[in-house]
Amino acid sequence: CDVRKPLLTFVVAGGGFAGVETIAGMNDFLRSALPYYGHLTTSDVRTVLVHPGEVILPELGPELGRYAQARLAERGVEIRTQTRVSGVSASGVRLSDGSELAAHTLVWTAGTSPNPLLAALPARKERGRLLVDEHLELPEHPGVFALGDAAAVPDAQHGGFHPPTAQHALRQARVAARNVRAALHGTPRRAFHFATLGQLASIGRRTGVARIFGVNFSGFVAWWLWRTIYLAKLPRLEKKLRVMLDWTLDLAFSKDL
């Protein structure tokens, strides 16, 4: 059993986008708050990221994953790679390597899961998702279409299946709508083809990692791209201006504790 018992121990399971952004934000917030609590020191705070793979952020490739690991380690985050959470008890978190972390809080980022309704449908599936063809149609049920988290959409260009992300689902919806209309009018259907535009993650302290159109970015530039793209996706001009003002003030002042 790990004998270290800091006063505040936070464990995040999962080294994907959700896990890395969660641990980075939590770690930054906790450590920036320490100067305001005289009875606490850095040794009283422990943040641990547990990831089953060799490098975190596998979606961005090993180069950016290693960069993110190095930056997080510099900021006091412990990273346990090739390790899984094997159990949780009242005293802490048990890991697959036999160690146990004394902790009262576990943040679990286990990813998405298909809707349980899909299991009852009489159709072929791939890891719980409905298997469709390139037209987003179920081969055994003509006229029935599926997309997004509910569908396993084949990727003819790269092999395998398209990831269930928003940028894919939005475009699948347009293709599915056109194909529903085509089915009603007896016109040719359109095949779904799309390559991921890019993926970005914030790793705290105005630092990020990104891969856009196959080009890697890291550091402040990646963080700035991450914020800019999210700002552009917000609805309504008023909302954009409010968030822009808040982020601008954040550059000049510390966090509101």
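The values are calculated or read from the model by the stated rules, or taken from the named source; none is laboratory data. Keep in mind the model is a prediction, meaning the values are calculated, not measured. Every residue, glycine as well, gets a Cβ built from its backbone with ideal geometry; the counts of neighbours run over all protein chains shown. Keep in mind that these areas ignore ligands, DNA and RNA; they rest on the heavy atoms of the full protein, side chains included. Shrake-Rupley method; radii C 1.70, N 1.55, O 1.52, S 1.80 Å.
A Cβ distance below 9 Å, combined with a sequence gap of six or more or placement on separate chains, defines the contacts here; from the stretch 49-60, residues that are closer than 21 Å to Arg94 by Cα and assigned to a loop (DSSP other than H, G, I, E, B) reach residues that are open to solvent by 20 Å² or more (accessible area, probe 1.4 Å) and among the aliphatic types (A, V, I, L, M) in the pairs His51/Ile79; Ile56/Ile79. For Glu100, the conditions (1) out of contact with any helix residue (DSSP H, G or I) (no Cβ under 6 Å at 6 or more places or on another chain); (2) in contact (Cβ under 8 Å) with a residue 24 or more places away in the chain; (3) under 19 Å from Ala24 (Cα atoms) all hold with the exception of (3). The single condition among (1) basic (Lys, Arg); (2) surrounded by 15 or more Cβ atoms within 10 Å (Cβ to Cβ); (3) under 27 Å from Gly159 (Cβ atoms) that Arg94 does not meet is (3). Of the numbered criteria (1) open to solvent by 30 Å² or more (accessible area, probe 1.4 Å); (2) touching a Gly at 6+ places or on another chain (Cβ under 9 Å), the one Arg66 fails is (2). Arg205 satisfies every condition listed in (1) on the phi < 0 side of the Ramachandran plot; (2) in contact (Cβ under 8 Å) with a residue 24 or more places away in the chain except (1).
Of all residues in the stretch 4-30, those satisfying the criterion of being surrounded by 17 or more Cβ atoms within 10 Å (Cβ to Cβ) and either charged (D, E, K, R) or part of a strand (DSSP E or B) (or both) are Thr9, Phe10, Val11, Val12, Ala13, Glu21, Asp28.
If a residue has to be β-branched (Val, Ile, Thr) and either touching a Cys at 6+ places or on another chain (Cβ under 8 Å) or assigned to a helix (DSSP H, G or I) (or both) to count, how many in the stretch 31-48 make the cut? Before the answer, list the steps.
Of the residues in the stretch 31-48, the ones β-branched (Val, Ile, Thr) are 41-42, 45, 47-48.
Narrowing further to those that are either touching a Cys at 6+ places or on another chain (Cβ under 8 Å) or assigned to a helix (DSSP H, G or I) (or both): 42.
So the count comes out to 1.
Residues in the stretch 101-129 that are outside any loop (DSSP other than H, G, I, E, B), modelled with pLDDT of 90 or more and surrounded by 13 or more Cβ atoms within 10 Å (Cβ to Cβ): 4 in all. Screening the stretch 132-174 for residues that are touching a helix residue (DSSP H, G or I) at 6+ places or on another chain (Cβ under 6 Å) and not aliphatic (A, V, I, L, M) and picking the one that is farthest from Gln199 (Cα to Cα) gives Gly143. Restricting the stretch 87-129 to residues that are hydroxyl-bearing (Ser, Thr, Tyr) and touching a Gly at 6+ places or on another chain (Cβ under 8 Å) leaves a set whose member that is nearest to His162 (Cα to Cα) is Ser113.
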